[in-house]
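One structure below.
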Amino acid sequence: MMHSTTVQNKIKPLLKKVFVLLFWLLVWEGVYLIVGHDILVASPLDTFKRAFELLSTSDFWLCIANSLWHILLGFVLAVIFAILLSLITSYSKTADSLIGALMRVIKSAPVASFIVIALLWLKSSIASFIAFLMVVPIIWHSLSVGIKETDKNLLEMAKIYNFSFFKKLKLIYIPSIMPQFSSAASVALGFAFKAGISAEVIGLPKDTLGIKIHDAKIYIETADLFAVTLVIIVLSMAMEKLFMLLMRRLNKKVTGGEA
């Protein structure tokens, strides 16, 4: 009986995901049939067929590798930089005010403006720079809030028992910050992909997914556009799942808890 209940608990979420996927595929097919023009909307069948065709070529895998490398590089550097900034702003109210104002400007300004400005300095690394720029404010804000909202009673206890900096970090700060950080980083990773690919579409660095989207637009290859977009969505979701798995394992290793 216990085994049967466990199996049902595992199958139900899977069936729910399959239902959601089939529902939106039917909606997509319905839109395709209503529009009735392949130039305007590609069918699900044509999109998946073209995606598999692209994935069978080494040229497309090179584009995936280049885009992934530049976007993930920008994301990782942004996380490291945001951690350093949050440490600085947590110790200085002046730094918090100055950097906070800059972060608000970056969040409010159009991504396209940064892309155009970056084109004056960069070419192949434009996706890394834009991903970096979009991620830093999100991560910095989550870490800053997490540090400020850390339980003051626990910090007082740590002071009484003369905890070292690393002990406070492991037992108090990381457990307090990790849930908020993980959630923010997951959102930031999605922003990194969207902003990074947009930068590639405008900047046109060689052998990237962005230039594939640009070419699909120029040659009115709607199936290619939908197929490349589908691949980007799958890549973004896969990277997000992998990142969350790494966060859970890291948190468990460092604190013995769950993210």
Region 198-238: number of residues that are without any contact (Cβ under 8 Å) to a residue 40 or more places away in the chain, hydroxyl-bearing (Ser, Thr, Tyr) and either assigned to a loop (DSSP other than H, G, I, E, B) or touching a Gly at 6+ places or on another chain (Cβ under 6 Å) (or both): 1
Pick from Lys241, Lys252: which is under 14 Å from the mean Cα position of the chain (by Cα) and free of Cβ contacts under 8 Å to residues at least 40 places away in the same chain? Lys241
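Each reported figure results from applying straightforward, stated rules to the coordinates on display, with no laboratory input. Just so it is clear, the structure is predicted and the values come from calculations on it, not from any experiment. Note that each Cβ is placed from the backbone with ideal geometry, even for glycine, and that neighbours are counted across all protein chains shown.
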